[in-house]
């Protein structure tokens, strides 16, 4: 009887763990899937962008934007640690802190990014991208929406390779390229 | 009569509300630079809530309509996209961009830190100008790159930044020694050092003589083809082939010469190699 109970307990434990794992996977996939990213590397130089590098940049840029959206929506810092470094991480942290103080939050949805690599350093230690980003931006004061609009913003981006990923070091919006 | 009064009052309130809502507006100066103080003029009357969101800023405060809203230098330190929102009964917004201020520092990446001499396109450098708030300066500026070895200038070129970056690539010099690489932009200078080392050995030659305990082999001073002495620690591999088989000894170069003691009593043919370069062969006769 005791053995039967234990088996049942284990079964429930595994089932719950499985559901939680599946839910978290689906959640992170959903967050990532909401960010559409296209990358054009044809104009990159002086170094050519290899296809593996291209895939890595795409994957990490998409992840960075979903992490940033999460951080600025829920005013949490954790998700900024991996995908951002240097100045970009610093100003994002300051943004979150500032939002926590003022009670504001931003919601980025329906994101679509058209990336163009415009410079890839001779030794491959930095890539500059131009991102024409389109998204739905909502700014909220508590629960009250104070801005709700579709925007197109141009970003100049510097990414550097780390041990296992590309990180955004600079993310600077400009009126045009 | 009462009904008429009610209608009049409602019409008056609606008109007043429309008046306030329509009058509330924002006027933002065009393209301020990072760290610049600006004033946003508002129209209308009464009170409103002003919001400013942008990179590293998220500000909210009450403002009287019809007066200027002062934004301090600290509010606009980061270049990028800002949204100013003014909310009374309804919200009105205006977005604007802050551009980088004048360059005050250079991020300068140079590769490699150690390079063999006379190698094609061996040294490269990339420079990014930043302003005092660490914004990337995208307006084109001239960056002067210089490479100096001792007193001699090996390379000097002014490169105009494009998309906020300037770069160069050049062959390494002919002499081993430290190389100073400089990127300069007006008063801003960034310096890096590259150590040029001898290239592969040229004419690796060895001599050998029998001793009481075996064979002492050594190289002549090892140079590359430009005459630079190979650095201490470079490995030379001596291989002795005799009637009893083959023996190998690795010896580091010390003050230009590599030496090794090899065990062999019979006739031995000894050769040497360093990296991909083979030296001469010598034959040492058997011990009498």
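Just one of the numbered conditions (1) more than 13 Å from chain A (Cβ to nearest Cβ); (2) part of a strand (DSSP E or B); (3) closer than 30 Å to residue A:154 by Cα is not true of residue B:156: (3).
Scanning segment A:149-157 finds no residues that are within 11 Å of another protein chain (Cβ to nearest Cβ), part of a loop (DSSP other than H, G, I, E, B) and either under 15 Å from the mean Cα position of the chain (by Cα) or buried (at least 16 other Cβ atoms within 10 Å of the Cβ) (or both). In the condition set (1) in the same structural domain as residue B:269 (by TED's automatic domain parsing); (2) in a strand (DSSP E or B), residue B:191 is compliant with all but (1). Within segment B:102-127, the residues that satisfy the criterion of being surrounded by 19 or more Cβ atoms within 10 Å (Cβ to Cβ) and part of a loop (DSSP other than H, G, I, E, B) are B:103, B:117. Do we have residue B:224 as surrounded by fewer than 20 Cβ atoms within 10 Å (Cβ to Cβ) and in contact (Cβ under 8 Å) with a residue 60 or more places away in the chain here? No: the conditions fail for residue B:224. Flag: residue B:144 does not match the condition of being modelled with pLDDT of 95 or more and not in a strand (DSSP E or B).
Residues of segment A:53-66 include none that is in a helix (DSSP H, G or I), within 14 Å of chain B (Cβ to nearest Cβ) and touching a helix residue (DSSP H, G or I) at 6+ places or on another chain (Cβ under 9 Å).
For segment B:87-99, the condition holds for at least one residue, the condition being that it is within 12 Å of chain A (Cβ to nearest Cβ), in a loop (DSSP other than H, G, I, E, B) and more than 28 Å from residue B:127 (Cα to Cα).
With the condition kept exactly as written, say whether any residue in segment A:118-128 is under 17 Å from residue B:55 (Cβ atoms), assigned by TED's automatic domain parsing to the domain that holds residue A:53 and either within 15 Å of the chain's Cα centre (by Cα) or part of a strand (DSSP E or B) (or both). I'd like the intermediate steps shown before the answer.
Taking segment A:118-128 as the starting set, the residues that turn out to be under 17 Å from residue B:55 (Cβ atoms) are none.
The answer is no, given that none of the residues of segment A:118-128 is under 17 Å from residue B:55 (Cβ atoms), assigned by TED's automatic domain parsing to the domain that holds residue A:53 and either within 15 Å of the chain's Cα centre (by Cα) or part of a strand (DSSP E or B) (or both).
Considering only segment A:110-125, I want to know if a residue exists there that is farther than 24 Å from residue A:52 by Cβ, surrounded by fewer than 18 Cβ atoms within 10 Å (Cβ to Cβ), touching a strand residue (DSSP E or B) at 6+ places or on another chain (Cβ under 8 Å) and without any contact (Cβ under 8 Å) to a residue 40 or more places away in the chain. Looking for residues that are farther than 24 Å from residue A:52 by Cβ, surrounded by fewer than 18 Cβ atoms within 10 Å (Cβ to Cβ), touching a strand residue (DSSP E or B) at 6+ places or on another chain (Cβ under 8 Å) and without any contact (Cβ under 8 Å) to a residue 40 or more places away in the chain, one finds none in segment A:110-125, hence no.
Taking the condition more than 7 Å from every other protein chain (Cβ to nearest Cβ), free of Cβ contacts under 8 Å to residues at least 60 places away in the same chain and crowded, with 18+ Cβ neighbours inside 10 Å, does residue A:98 pass? It is false that residue A:98 is more than 7 Å from every other protein chain (Cβ to nearest Cβ), free of Cβ contacts under 8 Å to residues at least 60 places away in the same chain and crowded, with 18+ Cβ neighbours inside 10 Å. Has segment B:64-87 got at least one residue that is within 30 Å of residue B:160 (Cβ to Cβ), modelled with pLDDT under 95 and surrounded by fewer than 20 Cβ atoms within 10 Å (Cβ to Cβ)? Looking for residues that are within 30 Å of residue B:160 (Cβ to Cβ), modelled with pLDDT under 95 and surrounded by fewer than 20 Cβ atoms within 10 Å (Cβ to Cβ), one finds at least one in segment B:64-87, hence yes.
Given the options B:139, B:127, name the one that is outside the structural domain of residue B:52 (by TED's automatic domain parsing), over 30 Å from residue A:146 (Cβ atoms) and more than 15 Å from the chain's Cα centre (by Cα). Steps first, please.
Working: B:127 fails: more than 15 Å from the chain's Cα centre (by Cα).
After applying the criteria, what remains is B:139.
Does segment A:103-117 contain any residue that is facing chain B (nearest Cβ under 8 Å), within 21 Å of residue B:135 (Cβ to Cβ) and over 15 Å from the mean Cα position of the chain (by Cα)? No, segment A:103-117 contains no residue that is facing chain B (nearest Cβ under 8 Å), within 21 Å of residue B:135 (Cβ to Cβ) and over 15 Å from the mean Cα position of the chain (by Cα). Looking only at segment B:56-83, how many residues end up being assigned to a strand (DSSP E or B) and more than 10 Å from every other protein chain (Cβ to nearest Cβ)? Here the count works out to 6.
Residue B:106 falls short on exactly one of the conditions (1) within 11 Å of chain A (Cβ to nearest Cβ); (2) at pLDDT 95 or above, and that condition is (1). Confirm whether residue B:178 is in a strand (DSSP E or B) and in contact with a strand residue (DSSP E or B) (Cβ under 9 Å, 6 or more places away or on another chain). In short, yes. Each residue in segment B:159-184 was checked for being more than 12 Å from chain A (Cβ to nearest Cβ), within 14 Å of residue B:196 (Cα to Cα) and either surrounded by fewer than 12 Cβ atoms within 10 Å (Cβ to Cβ) or within 17 Å of the chain's Cα centre (by Cα) (or both), and 3 of them qualify. Scanning segment A:158-177 for residues that are more than 9 Å from chain B (Cβ to nearest Cβ) and over 17 Å from the mean Cα position of the chain (by Cα) gives A:163, A:176. I'd like the residue in segment A:68-84 that is surrounded by fewer than 20 Cβ atoms within 10 Å (Cβ to Cβ) and within 23 Å of residue B:107 (Cα to Cα) and, out of all such residues, is farthest from the other protein chains (Cβ to nearest Cβ). Per the criteria, the residue is A:82.
The values are calculated or read from the model by the stated rules, or taken from the named source; none is laboratory data. Because the structure is a prediction, the values reported are computed rather than measured. No Cβ is skipped: glycine too gets one built from the backbone with ideal geometry, and neighbour counts run over all protein chains shown.
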